[in-house]
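Could you have a look at this structure, given as structure tokens, before my questions?
The values are calculated or read from the model by the stated rules, or taken from the named source; none is laboratory data. All figures in this text were calculated on a predicted structure; none of them were measured in a lab. Ideal geometry is used to build each Cβ from the backbone, glycine not excepted, and the neighbour counts take in all protein chains shown.
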Amino acid sequence: MDKKRILIVYYSQTGQLRQMVENFAAPLLAADDIEVEMLPIKPKTEFAFPWRFLSFFNTFPETVHFQPCEIEPIQTQHNQYDLIILAYTVWFLSPSQPITAFLQDETAQKLLNNTPVATIIGCRNMWLMASLEVKKMLSKVNAHLIGNMVKIDACSSAASFITTPLWLLTGKKQAFGLPAAGILDTDIADCRRFGEKTRTAILSGSLNETLWHNMGAVKVNENLIASEKIARRSFYLWGKLLISSGKISPVLRKFILLFYIVFLILMILTVVPISAVIKMLIKPLTRQKIAAQKKYFAAPSGE
Ligand SMILES: Cc1cc2nc3c(=O)[nH]c(=O)nc-3n(C[C@H](O)[C@H](O)[C@H](O)COP(=O)(O)O)c2cc1C
């Protein structure tokens, strides 16, 4: 019997997502009948970590408009795989730039064409809009999405609003006595369970949308649906303005960016709690709509 081939594509800046991928891949690597190939995406110019304050925010316009960084050429051992795992992080409610670059790459698109794909997301906690965009990109290149699993930072939304940016801007996970930023070690280790299920499915020839069903692959936070939609719209419009202004003058772009950062922080501090209160008040009226939205975002693996 020919070995089953799995390609695991990922981009991880600090190594957190790479650890998730390694835990996921361990049971597959141990199987004699499966050949696993790792494909870390490499930007031509690495994004510096920790991020500098302005570079961090200055990355959002191109990220949300899918104008990514250049990446090193995609080279794989084979032209076809039985399964491609696409592991990505979220940048400004969009897939990270290196992953968008991969999805736009001609060689990658040939690999993805007519191939089952399962995605793994590791991020702070806002992944809904990014997952929609990745679903669209995958469908455009005729890939068949059969699974999605997500791990998020353990601490509350409010705490990680402070700790995650601090981690990204200083490199330190712990600050001000708050819980540490990042995904819990136990959640990272839990990725192994999904690797085990994938091993069983691929060896029994049953790779389909039930792959990660009933495994708690994702948890859709209904309180973030509206906030993500509003924030995505804001990033999109301001991103467009910033890209255009940068063509006129880099100083103008910087000036507008500084203004937007203040606006963004004020928006998060006001819109997010206000929309949460409004949502709570109208919950009885929107219950059905929210249940449908949750199902939509949770697909294909479900909660
Ligand atoms: C530029 C940038 C923007 C980010 N934006 C988001 C976001 O919109 N939503 C989210 O949940 N996490 C966001 N994160 C956190 C990442 O998704 C991820 O958890 C973190 O960068 C660690 O990933 P790593 O494995 O690449 O180091 C962002 C990170 C960076 C660097």
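Sort out for me the strands (runs of 3 or more DSSP E) sitting completely within the range 78-192 that have 2 or more residues that are within 12 Å of the ligand (Cβ to nearest atom), touching a helix residue (DSSP H, G or I) at 6+ places or on another chain (Cβ under 8 Å) and of a type outside the set (V, I, T).
83-88, 116-123
What are the residue pairs meeting all of these: first residue in the range 9-37, first residue closer than 19 Å to S204 by Cβ, second residue in a helix (DSSP H, G or I) and near the ligand (Cβ under 8 Å from one of its atoms), Cβ atoms under 7 Å, and 6 or more apart or on different chains?
none
Please determine, by comparing only the residues of the range 248-266 that are more than 23 Å from the chain's Cα centre (by Cα), surrounded by 11 or more Cβ atoms within 10 Å (Cβ to Cβ) and under 24 Å from S157 (Cβ atoms), which one is modelled with the highest pLDDT.
Y260
Among the residues of the range 171-179, are any of a type in the set (K, R) and in contact with an Asp or Glu (Cβ under 8 Å, 6 or more places away or on another chain)?
Looking for residues that are of a type in the set (K, R) and in contact with an Asp or Glu (Cβ under 8 Å, 6 or more places away or on another chain), one finds none in the range 171-179, hence no.
Quick one: what pairs do we get from the range 181-206, first residue at pLDDT below 95, second more than 15 Å from the ligand (Cβ to nearest atom) and assigned to a helix (DSSP H, G or I), C-beta under 9 Å, 6+ apart or different chains?
Once the first residue is at pLDDT below 95 and sits in the range 181-206, its partners that are more than 15 Å from the ligand (Cβ to nearest atom) and assigned to a helix (DSSP H, G or I) give S206/T200.
Which ones in the range 23-49 are over 20 Å from Q75 (Cα atoms) and either within 16 Å of the ligand (Cβ to nearest atom) or touching a helix residue (DSSP H, G or I) at 6+ places or on another chain (Cβ under 8 Å) (or both)?
Listed by number, the residues that qualify are N23, F24, A26, P27, L28, A31, D33, F47, A48, F49.
Which residue, of T170, T210, T198, T164, is surrounded by fewer than 16 Cβ atoms within 10 Å (Cβ to Cβ), β-branched (V, I, T) and assigned by TED's automatic domain parsing to the domain that holds L86?
From the options T170, T210, T198, T164, the qualifying one is T170.
Which residue pairs have Cβ atoms under 7 Å apart, sit 6 or more places apart or on different chains, and have a first residue in the range 42-54 that is part of a helix (DSSP H, G or I) and a second that is within 12 Å of the ligand (Cβ to nearest atom)?
Pairs found: F53/L169.
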